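Colleague: This structure is in C-alpha cells; I'll ask about it shortly.
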C-alpha cells in the first residue's frame, strides 16, 4: 500500500486580502489572526492522493507548517479523507522562507519513515515561489517532477506523468519514491462532506515542534532563511473611466488600440 | 457562562454547506429563475450532498446532527438559492413527523430512502380554507375495510409534485374533533398532484396542489395515534418548519448584505464609492444589525431544540424577526442599487421577490405574534 504525504499550506482567504498586514521587520504576512484556507493547489494534490487511495489503497498523511490556527486546515484535510494530520508549529518556525520551510517539512517526512510519494501544490497562493517541492527533493534526495497535470501510469514503482512546460508538456517516467508538484488542471478537488467531517472525529492531529524534530534553532524559521525580502508593499487598485469620442469606427479603432496598448489583446 | 460561538465542528459543517451551495446549487439557479421549474437537478444534489440526512438518526441512515447544523446548512444554501433551501426545509418538515411519531416499521421503511435523497418528502396541511386555521381542514378520512379512505385537496404545498412521501392531515368524517395524519405515497390510487403554482419569488421551488379522491391508505400508514394528527403536524411545523424558515431568512439576509456591500463599494458617485456615504452606510448597518440579532435568536432556538427541549416559542420569535428582517434587508439592498435594483441582471431583484414568500410560509408574521403574545401572557 502506498504511503503518501501531502504538504498543505494554510494561506489567507482571498476575502481577507484587505485585512492582511505586513510585518515591518521580516516583511512576512503574519497568519495568526486572519481567516485561513487550504492553499487551492494543495487541494488538487490532496485530491490526487485520495484518488490513488480509492484506486489502489494508500495511507495519506497531511503535513502543514504554520501557527496553531493552521490546525484547522489540517482538520479539514482529515475531513476530506486524509488518514493522519501533522501540524508543524513552533515559534521557532515563524518567518521561514521556502528553503527553511522545505527543510523543516523534509525532516518531518523523514521522521515518518518510509514514504512512497510526496505531493504538493505547484505554488502557494500567497508566496507563490514554487520552490518548496524542488527543495524538498534536495533534502529528501527524491526525484521531483513539477507542474504535473496528469498521472498517466501510476502502478508499481515506475510512474509516468504529463507535466506542463511553456507552450507544451513533458512526458516523464520516474521511479518512486518521488515528489510531484501539481497544477489545477490535474483534477477537480472534492468538497467537504458532512459524513467526512463525522468520520474525522476519530482522527487526531499530531503537533511537532522544534524539539520533536531535533533540529538546531538556526536551521529553521527566520534564522534558517537565507532569503531577504527587501520590500513588500500594498498594491492599490485604481479605476479610471475614459469616454472615447468620435464616430463608431473611430471609437472602435481607438478602443482596440487601447486594448492592444494595455496588452489585453 | 453563555457561549455564543459555534463549535469548531459546527463551523466545519457550515463551511461544507457553503462549498456545497456554491459548487452544486449555484450553477442551477439561472435556469430555475428562467423556467420557474427545473428543480430536479437541485433535488438530486440535495440527496447526494447528504443535506436530507442531517436530522435523521444514524440508525436509519441519517447523520443525527440536529437542528443547529440543519439551520446552518439551510442558511448557506439560501444564501445561494432560497428556492432550493425552501424545498430542502420542507423536505425535512416531511421527515420530522416520521422521526418523532413514526412506528419502528414506518421509520425503517421510509427514513433510509429519505436520508439518501432517493425519496423526497413534504407535509400537506394547508387547504383553500387557509393555513393559519388548520382546524378548518376539510380533507376527510374514514375507515373502510381495515384501511383509511381520504378525500380532499391541499394547496400551497411545497414539494407537491416531487415528494414521494407526503404527510397529510385529515379530519375524521364521523368526528369533527378528530384529526389524524397519514403517510401517503405518490403511487397510491386516488392521490394526484394537480395545479403547479407560479409564485412571485422562489422560482424553481416546486409549490402546488394535491388532490385525494377516494385515496385508499393502508392502516399501517396512520402516523401517530388516531385523533392526534393536529399534534403530529403542528409539532413538526412549529419546530422543524419554523426552524427551516429561519435558516432560509438568514441566508437571504446574508445574500442581501453581501450584494449591498459589493455594489456600494463598486458604485462611484461624487468621485467616491457610495459605501462612503452615510445614507448608504446606515442601510448596510441596519441589514447587519438585523442579521446578527436574527442569528442569535435562531441559533438559541435551535440549540434549545437540540437539547431535547420544546422550542416552539423561541422559534416563533426568531421566525417573525428573521423573515420580517429579510424583507427589510432585500428592500434596503435594492434601494442601495438605485435604478439597478430594478434590473433583473442584479440578484437583489430576486432577493426582493424571494423575501415576500418567506413571511407566509410555516405561519404568517401575525400568527407568530399570536404565539409570542400567548407566551408572554402565560
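Colleague: Test residue A:244 against the stated conditions and say whether it is part of a loop (DSSP other than H, G, I, E, B) and either in contact (Cβ under 8 Å) with a residue 40 or more places away in the chain or more than 14 Å from chain B (Cβ to nearest Cβ) (or both).
Modeller: So residue A:244 passes the test.
Colleague: Counting only residues that are outside any helix (DSSP H, G or I) and touching a residue at least 40 places away in the same chain (Cβ under 8 Å), which one in segment B:311-346 is nearest to the chain's Cα centre (by Cα)?
Modeller: Among them, the one singled out is B:311.
Colleague: State all residues of segment B:150-180 that are touching a residue at least 60 places away in the same chain (Cβ under 8 Å) and surrounded by fewer than 18 Cβ atoms within 10 Å (Cβ to Cβ); if no residue qualifies, say none.
Modeller: The answer is B:151, and nothing else.
Colleague: Looking only at segment B:215-268, how many residues end up being within 24 Å of residue B:66 (Cα to Cα) and within 14 Å of chain A (Cβ to nearest Cβ)?
Modeller: Matching residues across segment B:215-268 total 1.
Colleague: Could you check, for segment A:43-60, whether at least one of its residues is in contact (Cβ under 8 Å) with a residue 12 or more places away in the chain, under 19 Å from residue A:124 (Cα atoms), outside any helix (DSSP H, G or I) and in contact with a helix residue (DSSP H, G or I) (Cβ under 9 Å, 6 or more places away or on another chain)?
Modeller: no
Colleague: Starting from residues that are surrounded by fewer than 18 Cβ atoms within 10 Å (Cβ to Cβ) and under 26 Å from residue A:20 (Cα atoms), keep the ones in segment A:98-126 and report whichever is farthest from the chain's Cα centre (by Cα).
Modeller: The residue in question is A:126.
Colleague: Would it be correct to say that residue B:3 is more than 12 Å from every other protein chain (Cβ to nearest Cβ) and free of Cβ contacts under 8 Å to residues at least 60 places away in the same chain?
Modeller: yes
Colleague: Check residue B:147 against each of (1) touching a helix residue (DSSP H, G or I) at 6+ places or on another chain (Cβ under 7 Å); (2) surrounded by fewer than 18 Cβ atoms within 10 Å (Cβ to Cβ); (3) under 17 Å from residue B:196 (Cα atoms) and name the one condition it does not meet.
Modeller: (3)
Colleague: Right, something else. Mind listing just one residue for me: the one in segment B:43-70 that is more than 14 Å from chain A (Cβ to nearest Cβ) and within 15 Å of the chain's Cα centre (by Cα) and, of those, nearest to residue B:291 (Cα to Cα)?
Modeller: B:67
Colleague: Please go through segment A:172-216 and give me each residue that is outside any loop (DSSP other than H, G, I, E, B) and within 14 Å of chain B (Cβ to nearest Cβ), ordered by number.
Modeller: Residues satisfying the conditions are A:194, A:195, A:196, A:197, A:198, A:199, A:200, A:201, A:202, A:205.
Colleague: Regarding residue B:271, is this residue at positive phi and within 14 Å of another protein chain (Cβ to nearest Cβ)?
Modeller: Answer is yes for this residue.
Colleague: Quick one: in segment B:10-38, of everything that is surrounded by 24 or more Cβ atoms within 10 Å (Cβ to Cβ) and touching a residue at least 60 places away in the same chain (Cβ under 8 Å), which residue is nearest to the other protein chains (Cβ to nearest Cβ)?
Modeller: Top of the filtered list is B:13.
Colleague: Are any of the residues in segment B:358-370 in contact (Cβ under 8 Å) with a residue 40 or more places away in the chain and more than 24 Å from residue B:158 (Cα to Cα)?
Modeller: No; the residues of segment B:358-370 include none that is in contact (Cβ under 8 Å) with a residue 40 or more places away in the chain and more than 24 Å from residue B:158 (Cα to Cα).
Colleague: Kindly provide the set of residues from segment A:62-81 that are within 21 Å of residue A:198 (Cβ to Cβ) and away from every other protein chain (no Cβ under 14 Å), ordered by number.
Modeller: A:62
Colleague: Another question, then. Can you name the residue in segment A:161-192 that is in contact (Cβ under 8 Å) with a residue 12 or more places away in the chain and more than 22 Å from the chain's Cα centre (by Cα) and is also nearest to residue A:215 (Cα to Cα) among such residues?
Modeller: Checking each candidate, the answer is A:175.
Colleague: Just to be sure I understand, how many residues within segment A:83-97 are surrounded by 20 or more Cβ atoms within 10 Å (Cβ to Cβ) and in a helix (DSSP H, G or I)?
Modeller: Residues flagged as surrounded by 20 or more Cβ atoms within 10 Å (Cβ to Cβ) and in a helix (DSSP H, G or I) within segment A:83-97 amount to 2.
Colleague: Something else now. Would you check if there is a residue in segment A:155-162 being away from chain B (no Cβ under 14 Å), in a strand (DSSP E or B), at pLDDT 95 or above and buried (at least 22 other Cβ atoms within 10 Å of the Cβ)?
Modeller: There is at least one residue in segment A:155-162 that is away from chain B (no Cβ under 14 Å), in a strand (DSSP E or B), at pLDDT 95 or above and buried (at least 22 other Cβ atoms within 10 Å of the Cβ).
Colleague: Ok, one more. What strands (runs of 3 or more DSSP E) completely inside segment B:102-164 contain at least 2 residues that are under 14 Å from residue B:207 (Cα atoms)?
Modeller: Filter on segment B:102-164 gives B:121-124, B:147-158.
The values are calculated or read from the model by the stated rules, or taken from the named source; none is laboratory data. What you see is a predicted model, and the numbers here were worked out from it, not measured in a lab. For neighbour counting, all protein chains shown are included, and Cβ atoms are generated from backbone atoms with ideal geometry for every residue, glycine included.
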